[in-house]
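The structure under discussion appears below in the form of structure tokens.
FYI, it's all coordinate maths here, none of it is from the lab. None of these values were measured; they are calculated from a predicted model. Here Cβ is always computed from backbone atoms with ideal geometry, including for glycine, and neighbour counts include all displayed protein chains.
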Amino acid sequence: MLCLHDSIRHDDPVVQRLLRAVEDAPSLTAMILAAWQVARVLTVHLVEAVLAERAHRPLAWPRCPQCGGCLRSKGFATRQVMSLFGPIQWRRRVGRCPHGCAIPQVAPLDETLGIQPQQRTSGELQQLGCALAVFVPFATAARLLGWYNGRTVSPQAVWGWVQAAGQRAMETLQDHLQALAHGDLPAPEALAADLAAAPLVLGADGVMVPFRPTGGQPTGKTRWQEVKVGVLARLRQHRTRTGTVVTRLHHRRLVAVLGSVDALQPRLWLEAVRQGIRQAPQVVWLSDGARGLWRLYEERLAAYAVGILDFYHAAQYLWKGAAAWLDGRTTQARRWCGWARHRLRHGQPDGVLADLVEALEVEGLPDSARDTLLALYAYLDRHRDHIDYAQYKDLGLPIGSGMVESACKWLIQQRFKGVGMRWSEDGFNHLLHLRLAWVNGRFEALFGLALSPNL
Ligand SMILES: [Zn+2]
């Protein structure tokens, strides 16, 4: 192994100048930043020295993909990639077919190092750029990266890395979905014992995202499209400092698709199997009244999960009924609504339904009020099995879907709905899948290496 001392190159005037800048630094911050420049140059020297040494090792030439003849060295050629610490250059052997086949030149060392022929930036720079782009706009991500490598990084470059990595994430997902469709179930994700014993909650919501007009032109009317988001998490109760017990989502996993509930369904099911829907002691589906999502529940999840209709959504519906029936301004409407809400909350929906039947029989009820009451009756009747709130409370389960919906909104809201933002479908999908990889703890795997310093 090379001695670090060899790569310091005290005689290198660049290093001398950088070392002097550390000595002359007027403040601690300036000193640290100046020392960082030295570290950067040393990193590049060290890497280049190791690369130079490897380039001279003997190598086995691969065969020509066209004629099968053994490739032959054409001598050394220079290669450069931009790294997190600045440009890195090395000279390595390149080969061609001795029979003159029209194949691109081959550099076995680059292949061993995991570098693609057209690649101009190294993996760790792309990974950090993509990680930043998961949270901040491309221009901001490019500027922050510039702080690290001391060069100008263009927002377009970051955008390009996101497209490539997002594409990989989407292809992996497609493979998993295909395997699932063939009955090949994924392995459940490993969980700490206390989390594995906690209830698993599932929910979904739709969030609107602004897209460019059809065709992708930058000008023209914004097209709003709905993205379906699903969340899967373990429920745990916490006692706050004031002594209140609150339920929180743990081990949050998200799925999302720019498309219909039908497109969401296999994604949600894939993740549900990973999150142990088949093993969890208690599984809950929490949702407001959206019909498509309840259909998904019935078709795919009902065999495993208890369905809970968001109590606050139901209460709102009760008020709509009361207002139509008894005129919203009267105390009578308020009183009935309060009573019905209390009944519902304490597990006696039958009384509420009976009241509605009675109200519908009253002569002279205006048609509009009748329609509203009929709709309310049908709604409660349809969800008869999902409104046993007293029992859910006894089981320690939440009766509101608010935290599920805000987890869904966060995925989209935080990054895709900034002022003036409009997306192309491809651009959106690529970044969405990187964001999903990030929140689901699969980001590093996507790049095949961990940037964390303890590795
Ligand atoms: Zn050949």
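Principal semi-axes of the equivalent ellipsoid, √(5λ) from the alpha carbon gyration tensor of the chain, are 59, 26, 22 Å from largest down. What separates the Cα centres of the range 132-151 and the range 176-196 is a distance of 35 Å.
Which of the three applies to the range 382-455, rounded, prolate or oblate, going by the alpha-carbon gyration tensor with a ≥ b ≥ c and a/c under 1.5 meaning rounded?
On the way: a/c = 3.22, a/b = 1.69, b/c = 1.91.
Since a/c reaches 1.5 but b/c is at least a/b, the shape of the range 382-455 is classed as oblate.
Give me the Kirkwood hydrodynamic radius of the range 61-176, using the inverse of the mean 1/r over all pairs of distinct Cα atoms, in Å to one decimal.
Values: mean 1/r = 0.0616 Å⁻¹.
Taking every pair of different Cα atoms in the range 61-176, averaging 1/r and inverting gives 16.2 Å.
Tell me, Ser154, Ser122, Ser287 in order of fewest to most beta-carbon neighbours within 10 Å? Let's see the in-between values first.
Working: Ser154 13, Ser122 19, Ser287 23.
Ranked by crowding around the Cβ, least crowded first: Ser154, Ser122, Ser287.
Could you work out the relative contact order of the range 303-427, using alpha carbon pairs under 8 angstrom and six or more residues apart, expressed as a whole percent?
Answer for the range 303-427 is 33 percent.
Shown for Asp205, Asp175: other C-beta atoms within 10 Å of each C-beta, ranked fewest to most, produce the order Asp175, Asp205. Centre-to-centre separation between the Cα atoms of the range 269-327 and those of the range 9-39: 61 Å. The H on the amide N of Ala204, modeled in the peptide plane, is under 5 Å from the matching H of Val231, each at least 5 residues off or on a different chain. Annotation: extensible slack from Arg442 through Glu425 equals 3.9 nm (criterion: 0.36 nm per residue apart, minus Cα-Cα distance). With the alpha-carbon atoms of the range 170-234 aligned to their principal axes, the span from lowest to highest coordinate is 53, 27, 16 Å, starting with the largest. Computed from the Cβ-Cβ distance with R0 of 22 Å, the FRET efficiency linking Thr222 to Lys409 stands at 0.70.
Taking only the Cα atoms of the range 336-443, the ratio Rg/Rh comes out at 1.20, with Rh defined as the Kirkwood radius.
Across the chain, Cα pairs under 8 Å and at least six residues apart give a relative contact order of 13 percent.
Taking every Cα-Cα distance in the range 231-310 and sorting them into 5 Å bins starting at zero, the pair-distance distribution P(r) comes out as 3, 13, 22, 26, 17, 10, 5, 4, 1 percent.
Let me have the 222 nm mean residue ellipticity of the chain computed from DSSP H runs of 4+ only, each contributing -39500 (n - 2.57), with the sum over all residues rounded to the nearest 500.
So the calculated ellipticity at 222 nm is -15500 deg cm²/dmol.
When Met403, Met208 are sorted by how many other C-beta atoms sit within 10 angstrom of their C-beta, beginning with the fewest, the order is Met208, Met403. Working note: Karplus 6.51/-1.76/1.60 with θ = phi - 60° gives the range 283-294 the couplings 10, 10, 10, 10, 7, 7, x, 3, 5, x, 6, 5 Hz, where Gly and Pro are set to x. Here Gln316 and Leu185 are evaluated by their C-beta separation; at R0 = 45 Å the FRET efficiency comes out at 0.70. For Leu258 and Ala354, a Förster radius of 51 Å and the Cβ-Cβ distance give a FRET efficiency of 0.70, rounded to the nearest 0.05.
Pairs of lysine in the chain with Cα under 17 Å and at least 8 positions apart or on different chains: total?
Working: Lys221/Lys417; Lys228/Lys409; Lys228/Lys417; Lys409/Lys417.
Within the chain, the lysine pair count is 4.
Hey, could you get me the Stokes-Einstein D for the range 274-353, Kirkwood radius over alpha-carbon pairs, 20 °C and 1.002 mPa s, rounded to whole µm² s⁻¹?
Values: Rh = 14.5 Å.
Calculated translational D: 148 µm²/s.
Placing pseudo-labels 7 Å out from each Cα toward the beta carbon at Arg239 and Trp61 gives an inter-label distance of 7.6 nm. Given their separation in residues at 0.36 nm each and the Cα-Cα distance between them, Gln279 and Phe76 gain 67.3 nm when the chain is fully extended.
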